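Here is the structure we will look at, set down as structure tokens.
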Amino acid sequence: MAKNRAQIVYSPQQKTIRGLLWLLLVFMTLVVIFPVAYVILGSFKENQELLLGGSNVFPQKWIIQNYIDAWEQANFAVYTKNSLILSLGVMVLSLIISTMAGYVFSRKNFWGKEIIYGIFTAFMFINVGSVSLRPLYELAVGVNIHTSLWPVVLFSAGGGQATYIFLCRGYVNSVPRELDEAARIDGCTFFQTYYQIILPMLKPVLATIAILSFRQGWNEYIMPRVFTMTNDNLRPLTVGVNMLKNAGDGAAAWNIMFAGATIAIIPILVVFICFSRYFMGGLTAGAVKG
Amino acid sequence: MSTYDKEHLQLRPTNRPPRPVNKKMRLKESGGLAAGLMLTPSLIFLCICSIYPFIWIFRYIGYNYNGFVARPVGFANFTRMFSDTTFWNSVVTTFEYAFWKLIIIIPLALIMAVLLNQKLRGSSFFRGAFFMPTVIATSISGMIFTFIFATQNGILNNILQTVGLMGTPINWLMDQGFAMEAVMILSVWAGFGNYMLYFVTGMTSISEDVYESSRIDGANAVQTFFKITLPMLSPVLKVVLMLAITGAFKDYEAIMVLTNGGPGSRTNVMFLYIFKLIFGTADNARMQIGYGALLSLMAAVIVGAVTIIYNLVAKRLDDVV
């Protein structure tokens, strides 16, 4: 396709139009990037400068004191640790659960398979909002795990699993069945076939699931907020930063909040920049393309 | 749990069923136990995280439940729902929010996708930049925009004043006339990259030959867009519209952070109102879980009805065109 394009010769008039369109794209990009850049750059400003405002995006004087304060005084070391546990936990769980289930759904025929699959689908469409967090919270209290991050990890992974199972099943469907049969003839058990033959072939979809579930865990807000209502030491970054805002002395702690917000977005931005292919691929994998 | 992740699945066409295998050729089925064990974790999660909460809701819709004591109240929750103006106002607000969001976000995403499809220099960079907001947590974007919209020291007011577009600072988040606009700016910023990407993907599957022949026939850019791109994109457009509609009705995380439904209840969408009922608010810790559960069901029914109506309309349009 790109080749075809290269052959097109543009008239001067078309060139002008294309130049203008390009400028429009540059302008839009600036608008889109601006809020994020503003916060990241703002996190290096002194609180004084932040509170005074002004239309300066770049700090007059660059400082990193905000980060030191956030880390040492505002519990951000703990929040960051929690965010990492949460996102990595959701990622690992999602990878294990969804590949196994996706493989079974793709390869096995058993009684009730369509029904179970239908229930998975149905619950992706039924959305009752935050109310479902209430029974889950009471359940966590009931089995006495509400004083750890475990329930958030488990329920987040459980809530998102359907997406990943579907992605995985679709991908396994495209892997030839002959491979399984060959492995079976060579004496592999069902699990060995999955673990030694199929799993290594799933790398692209594993990467997609890993990244999507990592982001899901990292960005989870309402559930950890509800589950850590009374325990500051379990809060991930998303909740911790927002709690500062609600703390009342809002204006005074702008510099800490800027630094905190930056700590919360930089890791996911780095992951996005490195793996944007998988982010965007995962969104449309087997979807619009068909 | 994020709605975004659930969303994109609906685009997936039904998966190809496993290839039928000739009975004689087939090896004896084995590994039934292993398969069962491998499926168990996800089934347990399905039961705990999806089915159990759903049943739980039905258990409490006839109760007055404050988190400690549940008292049966018969049909009182139902009668209360029908006379609860705050709830119905929040439904209206949800429709208003969804309407404006869709009116802005879909054309914007479409225009940007068309521009990116022109293969201008740096297209993939622009695409990445437009998509970037969607990877940031909605709660954090909400917070970023609280800074930007701040009245006295917010950068938006400062820029508008410097450029001379505005005299006195606007109180974006506390002014009845501007709060919805502020929420809208945030949700369009945070979401349009998502839909743009669907459109871009859809457009890459339109054959280059079609464009070439239209060029030979002398079609200009506008004609090409309306006569070729749009019709050929219509299957994608229909799915994206459905995702966008259901998505817009379910939004509340960013609104919660940005305005928390205020000022008054100007931006109090229904799922936010329900959240406050079920978990209490900062100034009112009184929880009304039974009533909230009933409203949740009502909200789910409303979203479902909108989806069904949309599908009917889309189908009807299909028959006409």
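Can you tell me which residue is nearest to A:S213 (Cα to Cα) among those in segment B:148-176 that are within 8 Å of another protein chain (Cβ to nearest Cβ) and hydrophobic (A, V, I, L, M, F, W, C)? Taking the candidates together, the pick is B:I148. When B:G218 is tested against the conditions (1) surrounded by fewer than 17 Cβ atoms within 10 Å (Cβ to Cβ); (2) within 12 Å of another protein chain (Cβ to nearest Cβ); (3) of a type in the set (G, A, S), the lone failure is (2).
Inside segment B:85-141, can you point out the residues that are without any contact (Cβ under 8 Å) to a residue 40 or more places away in the chain and over 19 Å from A:V32 (Cβ atoms)? Of everything in segment B:85-141, those that are without any contact (Cβ under 8 Å) to a residue 40 or more places away in the chain and over 19 Å from A:V32 (Cβ atoms) turn out to be B:T85, B:W88, B:V92, B:F95, B:F99, B:I103, B:K119. Taking (1) surrounded by fewer than 11 Cβ atoms within 10 Å (Cβ to Cβ); (2) of a type outside the set (D, E); (3) in contact (Cβ under 8 Å) with a residue 60 or more places away in the chain in turn, A:V9 satisfies each apart from (3). Would you check which residues across segment A:165-203 are outside any helix (DSSP H, G or I) and acidic (D, E) and list them? Residue satisfying the conditions is A:D186 alone.
Among the residues of segment A:108-130, those that are more than 8 Å from every other protein chain (Cβ to nearest Cβ) and charged (D, E, K, R) comprise A:K113, A:E114. Taking residues in segment B:194-221 that are within 20 Å of B:S123 (Cβ to Cβ), and partners anywhere that are of a type in the set (G, A, S) and surrounded by 13 or more Cβ atoms within 10 Å (Cβ to Cβ), the pairs with Cβ atoms closer than 7 Å and at least 6 places apart or on different chains are B:Y195/B:A109; B:Y195/B:A244; B:M196/B:A109; B:M196/B:A113; B:F199/B:A109; B:F199/B:A113; B:V200/B:A113; B:M203/B:A113.
Yes or no, residue by residue, for (1) among the polar types (S, T, N, Q); (2) surrounded by 24 or more Cβ atoms within 10 Å (Cβ to Cβ); (3) within 25 Å of B:I274 (Cβ to Cβ); (4) outside the structural domain of A:I96 (by TED's automatic domain parsing):
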{"residue": "A:W150", "(1), (2), (3), (4)": "no, no, no, no"}
{"residue": "A:L179", "(1), (2), (3), (4)": "no, no, no, no"}
{"residue": "A:A182", "(1), (2), (3), (4)": "no, no, no, no"}
{"residue": "A:G187", "(1), (2), (3), (4)": "no, no, no, no"}
{"residue": "A:Q192", "(1), (2), (3), (4)": "yes, no, no, no"}
{"residue": "A:Y195", "(1), (2), (3), (4)": "no, no, no, no"}
{"residue": "A:N233", "(1), (2), (3), (4)": "yes, no, no, no"}
{"residue": "A:T238", "(1), (2), (3), (4)": "yes, yes, yes, no"}
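Count of segment A:41-84 residues, restricted to those that are of a type in the set (V, I, T), away from chain B (no Cβ under 14 Å) and in contact (Cβ under 8 Å) with a residue 12 or more places away in the chain, is 3.
A count restricted to segment A:131-151 and to residues that are more than 10 Å from chain B (Cβ to nearest Cβ) and within 22 Å of the chain's Cα centre (by Cα) stands at 4. Taking the listed residues A:V32, A:V90, A:V36, A:V26, the one that is under 30 Å from B:A221 (Cβ atoms) and within 20 Å of the chain's Cα centre (by Cα) is A:V32, with no other qualifying.
Taking the listed residues A:S148, A:S130, A:S106, the one that is closer than 20 Å to A:M223 by Cβ, in a helix (DSSP H, G or I) and in contact (Cβ under 8 Å) with a residue 60 or more places away in the chain is A:S130, with no other qualifying. Of the helices (runs of 4 or more DSSP H) entirely within segment B:167-276, those holding at least 3 residues that are farther than 30 Å from B:V91 by Cβ occupy B:179-204, B:208-216, B:221-224, B:230-250.
The residues on offer are A:F110, A:F34, A:F76, and the sole one that is of a type in the set (F, W, Y) and not assigned by TED's automatic domain parsing to the domain that holds A:N231 is A:F34.
Out of the residues in segment A:242-279 that are facing chain B (nearest Cβ under 9 Å) and touching a Leu at 6+ places or on another chain (Cβ under 6 Å), which is modelled with the highest pLDDT? Per the stated criteria, the residue is A:A264. Listed by position, the helices (runs of 4 or more DSSP H) enclosed by segment B:62-161 that each have at least 1 residues that are farther than 28 Å from A:N242 by Cα are B:76-83, B:85-116, B:123-131.
Screening A:A101 on (1) more than 7 Å from every other protein chain (Cβ to nearest Cβ); (2) small (G, A, S); (3) within 24 Å of the chain's Cα centre (by Cα); (4) more than 30 Å from B:K119 (Cα to Cα) shows it passes everything except condition (1). Looking across B:F130, B:F145, B:F126, one residue alone is in contact with a Gly (Cβ under 9 Å, 6 or more places away or on another chain), within 12 Å of chain A (Cβ to nearest Cβ) and buried (at least 17 other Cβ atoms within 10 Å of the Cβ). It is B:F130.
Restricting attention to segment A:182-216, the residues being touching a helix residue (DSSP H, G or I) at 6+ places or on another chain (Cβ under 9 Å) and within 10 Å of chain B (Cβ to nearest Cβ) number 13.
The values are calculated or read from the model by the stated rules, or taken from the named source; none is laboratory data. Not measured: the values here are computed from a predicted model. Positions of Cβ are backbone-derived with ideal geometry, glycine not excepted, and every protein chain shown enters the neighbour counts.
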